[in-house]
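The values are calculated or read from the model by the stated rules, or taken from the named source; none is laboratory data. Quick caveat: nothing in here was measured; it's all calculated off a predicted structure. Neighbour counts are summed over all protein chains in view; Cβ atoms, including those assigned to glycine, are modelled from backbone coordinates with ideal geometry.
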Amino acid sequence: MSDPDTDSAAKNSKNQKPKRRGRLLLIIGAVLVLIGAGGAGAYFFLPGVAESLRASLGGLLPGGPATPPAAAPVAKSAFVELPEMTLTLPNGGRPRQLRLTLAIEVSGDPELAKPALISPRVFDSLILYLRTLRDGELEGALAIDRLRGDLFRRLDLLLGPNVVRDVLITGFVVA
């Protein structure tokens, strides 16, 4: 007869192999599911991933071969005149007056952009920036270009991208 201890040890070793194999298959399956879910999430939710994947696989994915994006129709621009702004500039004890008139070039319909452009938030932001200017910043050949660029950046941050196309200074007097 066989020894009952060796029989139970043999049964335990036989039972542990399927358990280990089952755990290993479960772990591998979970990893594959996570990788697949991450890839699917990237494909659907990250911009540009689907197009680059289609381009690299050459039409094997749904949606056919990647086609170059069509050129966007050129939006007609319009100008919105802002009211004249007059403010006092700090100048080391000798205050100076700045009178500035701006015309903002906007994309699309100016009637839609005008309420946002003449809002108190826009004027507050522009005046706060202009009040920080010193005399040296308003003198020189590149002063107006630098001023236009800074005003454009402020308006772009306030109103969002692709709303403001350009900032034109139509009146500029420092006295």
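Look at the range 19-44: where a residue is part of a helix (DSSP H, G or I) and a partner is small (Gly, Ala, Ser), sitting 6+ places away or on another chain with Cβ atoms under 6 Å, you get 43/50. For the range 98-144, the candidate set comprises residues that are within 15 Å of residue 83 (Cα to Cα) and among the β-branched types (Val, Ile, Thr); within that set, the residue that is modelled with the lowest pLDDT is 118. Residues that are in a helix (DSSP H, G or I), of a type in the set (A, V, I, L, M, F, W, C) and surrounded by 14 or more Cβ atoms within 10 Å (Cβ to Cβ) within the range 128-175 comprise 130, 138, 143, 147, 151, 152, 155, 158, 159, listed in sequence order.
Per the listing 138, 117, the residue uniquely in the same structural domain as residue 84 (by TED's automatic domain parsing), hydrophobic (A, V, I, L, M, F, W, C) and within 20 Å of residue 89 (Cβ to Cβ) is 138.
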